[in-house]
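Contents: one structure, followed by commentary.
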Amino acid sequence: MGSETIKTGRLANGEAQKSVHKERRGLSSNGMNGKHENLGSNRAGTSSSGEGYDLMMNTGDVDGNLDGDIEPVFVCKKARQGDLTFQDIHDHGDFFDEDEEDDSDWEPVQKHVELIKWFCVNCTMVNLGDGVVCDLCGEHKDSGILRLGYFASPSSQDAGCSEVESEMKGKNKEMHSQLSASNSSTAIGFDQRMLLHSEVQMKSHPHPERSDRLRAIAASLATAGLFPGRCYPISAREITREELQMVHSLEHIQDVELTSHIFSSYFTPDTYANEHSACAARLAAGLCADLASTIFSGRVKNGFAMVRPPGHHAGVREAMGFCLHNNAAVAALAAQAAGAKKVLIVDWDVHHGNGTQEIFDQNKSVLYISLHRHEGGKFYPGTGSANEVGRNGAEGSCVNIPWSRGGVGDNDYIFAFQNLVLPIATEFAPDFTIISAGFDAARGDPLGCCDVTPAGYSRMTDMLYTLTGGKLLVILEGGYNLRSISSSATSVIKVLLGEGPGSELGNIAPSRAGLQTVLEVMKIQMNFWPSLGSSYAKLQSQWGAYCNTSEKFLRAIFQFIRYLMVQIYNALLSTL
């Protein structure tokens, strides 16, 4: 949490800096913008005791009409305009043109007011005033989320060792005593050097893609006793240039490398780099490559890449959307180099992975499925419509499920998994599965504005788990609410460790917009995946019933409104 005191001159105008988020990227900044009122001190005459009058003589015409009557006019110096009438001022206007004081060097007095501004550690939003709880997410400004993760109380100040911490330590000791070496089958990829990647100069508020994202996840895993503890750490290495050239152009690789010699730079207005960013990006890609090959070879069962900067927006020739190198693409090719013939990438980040799609949309051996907000191309990055299916003989290798609105929650995601993701993935029959796990569709995320819960993420992970015999790599992408990202990542890792996702799925009822999106995608993709045909017919009838029910409901509402209007009309007539 950052805080500062702003001294604002009441006579000055303020101007808010532009936001650096994606939507901007779907998210606005509450800065000190607009004009301030001119509340500077006005000069006021001071009252004086005593009479202090001057005598003015009205001598008439300056040209020499000295024979006229001489009219004495007594004027109070200290209260000239306060005591005189408008007629006096009119008759003796010249007198007021001469001031007894020279105020050419007068300057307005700047009155400063101290305004406290602090940024929420959880969601980065700006808060003004001396409050201690974030107006947007409700997190305490001094909460312990970076020490305890999402286990810390959101509404109270971190007070050091807490009851929660003591309780978790006791549970972890008991759990560790029951574990054997064979239980450490989930690998975690992490390196402290990735925390050094940061925006050098803060703009309107802290950049959402910040090192605290990894700190919050690490704190949550440590508090839960998962890592260190039940998960196996994998050694970090930097990806080689030769490996990167399998994914990116040489020019792109050199552009990223160049930033290591520059204190602060930007690829796009929201994609920053500092002198440590190139190393962090190489570490992230190297960890993902090694996790993929280690999992596919059977040395570990599955893994979670706790890495940054993220990667799914990075294309062949371009860094964008906070992403420098495409970690998922590097991992997919590493798995194939280790022997995998077909790789499935499921991307549930709230933003479309345009970079991953570009890299593989002509590759039939990699199936890319993305669920994302699209809204007719108005949501960042604007790509990922249902009609983008792959090209040059690889049609069907890209499956885009573009939500038409925000607020999408568990039911719509799981419904899409049941009716699109799993049927297509089963027909594709992959040897290895990668999840591009952005958690910015999570409830509370300031950029995604959707409603997926940790239980929803764990359920989707469980549904993908059995596709390739458990050979599954989860790679961190986006997610900018620390509490949401850390609780969701922890839920996913628990599934990787063999814990069930919780209660069994009942009959999932999607929203009307969600059902419509799934039907639109089905209609397009059934040309490449015949297994969708029977499901499409069934869902069409469900859509018809949905529309009929809605129509009947609306008709009933209109009839009721008409009835009320008639009753009101009759009541008014009876009073006349």
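Of the residues making up region 402-414, those that are of a type outside the set (A, V, I, L, M), out of contact with any Phe, Trp or Tyr (no Cβ under 8 Å at 6 or more places or on another chain) and open to solvent by less than 10 Å² (accessible area, probe 1.4 Å) number 1. Residues that are open to solvent by 30 Å² or more (accessible area, probe 1.4 Å) and under 13 Å from the mean Cα position of the chain (by Cα) within region 477-505 comprise just one, 483.
Given the criteria touching a Lys or Arg at 6+ places or on another chain (Cβ under 6 Å), open to solvent by less than 10 Å² (accessible area, probe 1.4 Å), at pLDDT 95 or above and in a loop (DSSP other than H, G, I, E, B), does residue 307 qualify? No: the conditions fail for residue 307. The residue list 131, 170 contains one member that is open to solvent by less than 60 Å² (accessible area, probe 1.4 Å), outside any loop (DSSP other than H, G, I, E, B) and either over 16 Å from residue 444 (Cα atoms) or modelled with pLDDT under 95 (or both), which is 170. The set of residues in region 459-473 being part of a helix (DSSP H, G or I) and either of a type in the set (A, V, I, L, M) or open to solvent by 10 Å² or more (accessible area, probe 1.4 Å) (or both) consists of 459, 460, 462, 463, 464, 465.
Contact map, region 275-301: first residue polar (S, T, N, Q), second residue surrounded by 19 or more Cβ atoms within 10 Å (Cβ to Cβ) and assigned to a helix (DSSP H, G or I), Cβ cut-off under 8 Å, separation 6 or more or different chains; pairs are 277/256; 277/259; 293/334; 293/335. Comparison of 360, 417 shows that the only residue that is under 24 Å from residue 307 (Cβ atoms), open to solvent by less than 10 Å² (accessible area, probe 1.4 Å) and of a type in the set (Phe, Trp, Tyr) is 360. Inclusion of residue 517 among residues that are at pLDDT 75 or above, surrounded by 10 or more Cβ atoms within 10 Å (Cβ to Cβ) and among the β-branched types (Val, Ile, Thr) is warranted.
Somewhere in region 435-456, is a residue part of a helix (DSSP H, G or I) and open to solvent by less than 10 Å² (accessible area, probe 1.4 Å)? Checked region 435-456: at least one residue is part of a helix (DSSP H, G or I) and open to solvent by less than 10 Å² (accessible area, probe 1.4 Å). When the residues of region 229-260 are filtered to those that are outside any helix (DSSP H, G or I) and in contact with a Lys or Arg (Cβ under 8 Å, 6 or more places away or on another chain), the one that is surrounded by the most Cβ atoms within 10 Å (Cβ to Cβ) is 248. Of all the listed residues (428, 432, 417, 439), the sole one being aromatic (Phe, Trp, Tyr), closer than 22 Å to residue 483 by Cβ and modelled with pLDDT of 95 or more is 439.
For region 173-202, filtering for residues that are open to solvent by 50 Å² or more (accessible area, probe 1.4 Å), modelled with pLDDT under 90 and in a loop (DSSP other than H, G, I, E, B) leaves 3. Might you let me know whether region 387-396 holds any residue that is buried (at least 18 other Cβ atoms within 10 Å of the Cβ) and part of a helix (DSSP H, G or I)? No: region 387-396 contains no residue that is buried (at least 18 other Cβ atoms within 10 Å of the Cβ) and part of a helix (DSSP H, G or I).
Take region 316-339 and flag every residue that is surrounded by fewer than 24 Cβ atoms within 10 Å (Cβ to Cβ) and not basic (Lys, Arg). Answer for region 316-339, where residues must be surrounded by fewer than 24 Cβ atoms within 10 Å (Cβ to Cβ) and not basic (Lys, Arg): 316, 318, 320, 333, 336, 337, 338, 339. Among the residues in region 276-296, are any over 28 Å from the mean Cα position of the chain (by Cα) and among the hydroxyl-bearing types (Ser, Thr, Tyr)? There is at least one residue in region 276-296 that is over 28 Å from the mean Cα position of the chain (by Cα) and among the hydroxyl-bearing types (Ser, Thr, Tyr).
Taken together, 114, 101 contain a single residue that is acidic (Asp, Glu) and modelled with pLDDT of 65 or more, which is 114.
The values are calculated or read from the model by the stated rules, or taken from the named source; none is laboratory data. Nothing here was measured: the structure is a model prediction, and the numbers come from that model. Cβ coordinates were reconstructed from backbone atoms using ideal geometry, including for glycine residues, and neighbour counts include every protein chain displayed. Remember, those area values only see protein heavy atoms, side chains included, never the ligands or the DNA or RNA. Shrake-Rupley method; radii C 1.70, N 1.55, O 1.52, S 1.80 Å.
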